[in-house]
2 protein chains.
Amino acid sequence: MAEKKKPEDSNGSIVTLKSVAAHVGLSAGTVSAVLNDAPSAKHIPKPTRERIIAAARKLDYRPNFFARSLRKQRTFTIGVIAHEIGDGYSSTVIAGIENSARLKNYFFVTGVHRHNQELFDKYCRLLLQRGAEGLISLDFNLAQSLPVPAVAIPGHMDNEGVTNIVLDHHHAAELALKHLMDFGHRRIAILKGHPDSADAASRWKAVQDVAREIGLELNPELVIQIDSTDSTPGLGYPFARKLIENKHPFTALFAYNDISAIGAIRAFQEFGWRVPQDVSVVGFDDIPAAAFHYPSLTTIRQPLHKMGEIAVDLLVDQIERKSEWQREIAVQPEIKIRESTGPVAA
Amino acid sequence: MAEKKKPEDSNGSIVTLKSVAAHVGLSAGTVSAVLNDAPSAKHIPKPTRERIIAAARKLDYRPNFFARSLRKQRTFTIGVIAHEIGDGYSSTVIAGIENSARLKNYFFVTGVHRHNQELFDKYCRLLLQRGAEGLISLDFNLAQSLPVPAVAIPGHMDNEGVTNIVLDHHHAAELALKHLMDFGHRRIAILKGHPDSADAASRWKAVQDVAREIGLELNPELVIQIDSTDSTPGLGYPFARKLIENKHPFTALFAYNDISAIGAIRAFQEFGWRVPQDVSVVGFDDIPAAAFHYPSLTTIRQPLHKMGEIAVDLLVDQIERKSEWQREIAVQPEIKIRESTGPVAA
DNA sequence: CCATATAATGAAAAGCCTTTCGTCGCGACC
DNA sequence: GGTCGCGACGAAAGGCTTTTCATTATATGG
């Protein structure tokens, strides 16, 4: 059992810069300079340098993060505020954030907002106090500027200093609707997202625009608004029921996301409709479960992992003043055609 | 647009303890004592106290976290090292961790290990350097003690100072196997977890024990070992195929987790078998997708959220020396009976 | 041989907070 | 009246680094 200890010398006291300085018979300042490769260390002869480095390694010296942050006024930390940690959307983006942050030797700390402004503010303060040098907000309708560089995923508001990462919703709507039209669908039901969902408004607008462009008529009876914030497939179920009960004929559904699509399919199946023979369903996001659902889900894929990576890259560049603030970055969706869509019944 | 600024006074310089002290014409020490409700402040008369507090609020004073940590040698931070952020298991546990940590005014920072010892060690060092006062490892076969209090979820090794949170696997196996036997199943296939998965060994042992106890014979031909670390339903698919190709008859499958169960069902369906009419399937974990899969999944539920909460509670108690180290805490599983299991075909 | 540059290091401040200890004034008590 | 105790604060140390500036010694050039 490899005992892993906090670095301490033979006396059992913690090894600090001073103690390694004492160990090599030099001053703390000198040791610090060498260990950090500071410009002031350029006159230190090589043997001395090596002595210092060897001692530091031998004693397993680890600089005190807090003392260092205090002095340098840098923390290499970014804050992430998500709706909830457990949901598929955030966790995929966060995985991307982790990936990029690790490569850049940054750290991230997390908070949740649950679409609640107060909670958001609370975590915002907390994270800043903990030294976050930049913030990433996930799925929040951010209506304020922030005191540090920030990225909103997805972001649709216009806040100075906040970079919005957006999906090209117009293209997304095109992919979905054209795919359905190619299969002959004309009566297409739409599941609109909850207003709290940051993408809801622009997605809906894109759907309307594209429908007009390609000459598809959207029947208001077939447009259902999700008004629950549930993040299980329960999200889609009741609205699909409502759609069924409306008794307005339709042959396809473009859902707000995969979760609601799965819930809707469930409702259809219980009602005795087969997917895709009786009704085609297109989801959104391409969560892992989409491919293994039965039937597997045709869906519009968002590059969530990559969006997390991009967010960190942008943020770090701004923190380190390597680049200017950008108002918006668009990423492209992709359609994954699977089993849940098919030709309209003859 | 509410501009949220870093606290600074009218000169635009950052507001520090000294500046609020200057503002009220007192010393920094006094202000600190009052603001922290320190014992030494008990002789400060109420009017003065209120003046200080009012000034702090007015200037929006926020103590510098790093200076404070440096001085108090406390950080109120716990480190979490998970397999991967995005997967259903970790993110649910982490949601529990977040919940409990927030209530206790602790923070958490996250790392990933990907079942890789080096990566684990790297993050371990990093988190400790960042002042983590306790660690939680998720789904890692932890083979070492750690320099701070730690909790392993799930934990099966015997490390001094590490509290293992385990599911009562014996009970879990009982729930699953008895349920299947009640439906008349006798030829039950088992999907064994990947050895990297911390629960794999004890779950398998429990299955064997229970099978013996209830007089169920496990046919080695029907026991398949998962040897991929994929965390999509692709996890179960190839092994179900293998099972089918073995041509050894079976009427039910007890999968290692819901993900692999879903993959397996997929394989069965493609082969033309109906679930549960031709084969019953029991999953494990009760991830959100389980309830909305088609057919919905009978599964053994782990209280993952609660396990995260318990981990934080234990950890904080130990950090604050409120309680002694416990070697192990067991939590109870629950069976969720849904559509994927049914009586064996006549 | 003196002035000056440069190498090699030390000393000390600064970053912001907490905490211990000390001081000063004043009422109480013997 | 002297001592004691207490109320109300201030001063300063201490936590660990980083960084600037100063100092000493050596080398270089004239």
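The values are calculated or read from the model by the stated rules, or taken from the named source; none is laboratory data. If you're wondering where the values come from, they're calculated on a predicted model, not measured in any experiment. Glycine also receives a Cβ, built like all others from the backbone with ideal geometry; neighbour counts cover every protein chain displayed.
On the basis of being touching a helix residue (DSSP H, G or I) at 6+ places or on another chain (Cβ under 6 Å) and touching a residue at least 12 places away in the same chain (Cβ under 8 Å), does B:Thr92 make the cut? First the steps, then the outcome.
Details: touching a helix residue (DSSP H, G or I) at 6+ places or on another chain (Cβ under 6 Å): yes; touching a residue at least 12 places away in the same chain (Cβ under 8 Å): yes.
The answer is yes for B:Thr92.
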Can you go through A:Ala67, A:Ala54 and tell me which one is within 12 Å of chain B (Cβ to nearest Cβ), surrounded by fewer than 17 Cβ atoms within 10 Å (Cβ to Cβ) and of a type in the set (A, V, I, L, M)?
A:Ala67
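Condition check ((1) free of Cβ contacts under 8 Å to residues at least 60 places away in the same chain; (2) surrounded by 18 or more Cβ atoms within 10 Å (Cβ to Cβ)) across all residues:
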{"residue": "A:Ala189", "(1), (2)": "no, yes"}
{"residue": "A:Asp196", "(1), (2)": "no, no"}
{"residue": "A:Ala200", "(1), (2)": "yes, yes"}
{"residue": "A:Val210", "(1), (2)": "yes, yes"}
{"residue": "A:Leu222", "(1), (2)": "yes, yes"}
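When you look at A:Asn105, is it within 13 Å of the chain's Cα centre (by Cα), more than 26 Å from B:Lys104 (Cβ to Cβ) and not acidic (Asp, Glu), yes or no? I'd like the intermediate steps shown before the answer.
Values: within 13 Å of the chain's Cα centre (by Cα): no; more than 26 Å from B:Lys104 (Cβ to Cβ): yes; not acidic (Asp, Glu): yes.
Taking the combined requirement at face value, the residue does not satisfy it.
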Which one is surrounded by the fewest Cβ atoms within 10 Å (Cβ to Cβ), of the residues in region A:262-297 that are among the acidic types (Asp, Glu) and more than 22 Å from the chain's Cα centre (by Cα)?
A:Glu270
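Are there strands (runs of 3 or more DSSP E) fully within region A:150-196 with at least 2 residues that are of a type outside the set (S, T, N, Q) and within 14 Å of chain B (Cβ to nearest Cβ)? List them.
On the way: elements: A:150-153, A:162-167, A:188-192.
Where strands (runs of 3 or more DSSP E) fall fully within region A:150-196 and carry at least 2 residues being of a type outside the set (S, T, N, Q) and within 14 Å of chain B (Cβ to nearest Cβ), they are A:150-153.
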So in region A:230-251, with the set limited to residues that are within 14 Å of chain B (Cβ to nearest Cβ) and in a loop (DSSP other than H, G, I, E, B), which one is farthest from the chain's Cα centre (by Cα)?
A:Gly236
Taking region A:70-87 and the residues there that are surrounded by fewer than 23 Cβ atoms within 10 Å (Cβ to Cβ) and not in a loop (DSSP other than H, G, I, E, B), the one that is nearest to the other protein chains (Cβ to nearest Cβ) would be A:Leu70
For a quick check of your reading of the model, give me the residue pairs whose first member lies in region A:116-139 and is free of Cβ contacts under 8 Å to residues at least 24 places away in the same chain and within 11 Å of another protein chain (Cβ to nearest Cβ), whose second is buried (at least 23 other Cβ atoms within 10 Å of the Cβ) and assigned to a strand (DSSP E or B), with beta-carbon atoms closer than 6 Å and at least 6 apart or on different chains.
none
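Checking the conditions here, which among B:Ile153, B:Ile224, B:Ile165 is touching a Pro at 6+ places or on another chain (Cβ under 8 Å) and under 29 Å from B:Gly86 (Cα atoms)? Let's see the steps before the verdict.
Numbers: B:Ile153 fails: touching a Pro at 6+ places or on another chain (Cβ under 8 Å); B:Ile224 fails: touching a Pro at 6+ places or on another chain (Cβ under 8 Å).
Sole residue among the options that is touching a Pro at 6+ places or on another chain (Cβ under 8 Å) and under 29 Å from B:Gly86 (Cα atoms): B:Ile165.
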Can you list residue pairs whose Cβ atoms sit under 6 Å apart, with the first residue in region B:56-72 being at negative phi and the second being aromatic (Phe, Trp, Tyr) and part of a helix (DSSP H, G or I)? Count only pairs 6 or more apart in sequence or on different chains.
B:Phe66/A:Phe66; B:Ser69/A:Phe66; B:Leu70/A:Phe66
Being outside any helix (DSSP H, G or I), touching a residue at least 12 places away in the same chain (Cβ under 8 Å), within 13 Å of chain B (Cβ to nearest Cβ) and of a type outside the set (Phe, Trp, Tyr) is true for just one of A:Val282, A:Val275. Which residue is that?
A:Val275
Find the residue count for region A:253-302, including only residues that are of a type in the set (Ser, Thr, Tyr) and within 17 Å of A:Asp230 (Cα to Cα).
2
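What residue, of A:Ile310, A:Ile300, is assigned to a helix (DSSP H, G or I) and crowded, with 18+ Cβ neighbours inside 10 Å? Talk me through it step by step, then tell me what you get.
Numbers: A:Ile300 fails: assigned to a helix (DSSP H, G or I).
On inspection, the qualifying residue turns out to be A:Ile310.
Check A:Arg49, A:Arg62 and return the single one that is within 8 Å of DNA strand D (Cβ to nearest atom) and modelled with pLDDT under 95. Steps first, answer last, please.
Details: A:Arg49 fails: within 8 Å of DNA strand D (Cβ to nearest atom).
Checking each option against the conditions leaves just A:Arg62.
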